[in-house]
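Have a look at the structure below before the remarks.
The values are calculated or read from the model by the stated rules, or taken from the named source; none is laboratory data. Since this is a predicted model, take the numbers as computed values, not measurements. Cβ atoms come from the backbone with ideal geometry, glycine included; neighbour counts cover every protein chain shown.
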Amino acid sequence: MFGDLMGMMGKLKETQEKVKATKERLNHVSLEEKSSDDLLKVTITANRKIKSIQIDDSLLADKEQLEDYLILTLNKAIERATEVNEAELAAVAKEGMPNIPGMDAFLK
């Protein structure tokens, strides 16, 4: 029994290290989101850090329109980055979970 417990503890520690490495790797995964007409482009990491925003000159004439574009495009970029982040971290965490009967129900 204690051998299994020590093995599980080692596996959990290994999983923690893999999660940490995955979080670091996600700092370097860039995603690009554009407005529907390509007038605004946002680049964001999978850890939800904005890297750049490119604004077409035509949007600079109308402050309200630019604000709307920014809100919509930034929210889409953050949502997409969150999906990638959560999927990557969930895959690493699930891979490293010890085989405990009934745990599959909690991971779904």
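Residues in region 55-75 that are farther than 19 Å from His28 by Cα and surrounded by 12 or more Cβ atoms within 10 Å (Cβ to Cβ): Ile55, Asp56, Leu59, Gln65, Leu66, Asp68, Tyr69, Leu70, Leu72, Thr73, Asn75.
Take region 86-99 and flag every residue that is touching a helix residue (DSSP H, G or I) at 6+ places or on another chain (Cβ under 7 Å) and either more than 15 Å from Val19 (Cα to Cα) or not in a helix (DSSP H, G or I) (or both).
Across region 86-99, the qualifying residues are Met97, Pro98.
Yes or no, residue by residue, for (1) of a type in the set (A, V, I, L, M); (2) at pLDDT 95 or above:
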position: Leu59; (1), (2): yes, yes
position: Lys63; (1), (2): no, yes
position: Glu67; (1), (2): no, yes
position: Ile71; (1), (2): yes, yes
position: Asn75; (1), (2): no, yes
position: Ile78; (1), (2): yes, yes
position: Leu89; (1), (2): yes, no
position: Pro98; (1), (2): no, no
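Scanning region 20-54 for residues that are buried (at least 16 other Cβ atoms within 10 Å of the Cβ) and hydrophobic (A, V, I, L, M, F, W, C) yields Leu26, Leu31, Leu39, Leu40, Val42, Ile44, Ala46.
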